[in-house]
Amino acid sequence: MDGEGEPRYGLETEKKVERETSRMVTTITVDGMSCGGCERNVVDALEDISGVSEASADHENGTATVEGEANIDELVTAVENAGYSASP
């Protein structure tokens, strides 16, 4: 509004704040995966962990990557319980 009580057109009246969300990405080493089925087993085990928003696994590189706020020890234990060796 201007000093006369009239709206001021063409001026930005609100500031928009763009919030950048940070995401935690954790990669662990997984031994024993040999195929896509193994990758799926590891991903399924990781996605069952509270705090995991997304998981992926790569048997060729021997890694699994998790996005979210999960504890690293829980991730390793979940992969081991699925039948694979894992380390942070």
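Laboratory data are not the source of any read-out in this text; all were calculated from the coordinates shown. All of these numbers come straight from a predicted model, not from anything done at the bench. So basically every Cβ, Gly included, is an ideal-geometry build from the backbone, and we count neighbours across all protein chains shown.
Which residues in region 71-88 have a backbone N closer than 16 Å to a point placed 7 Å from the Cα of ASN61 along the Cα-to-Cβ line? Residues 87-88 fall inside that zone. Once the Cβ-Cβ distance between ASN71 and SER34 is put in as r, and R0 is 25 Å, what FRET efficiency do you end up with, to the nearest 0.05? Efficiency at R0 = 25 Å is approximately 0.35.
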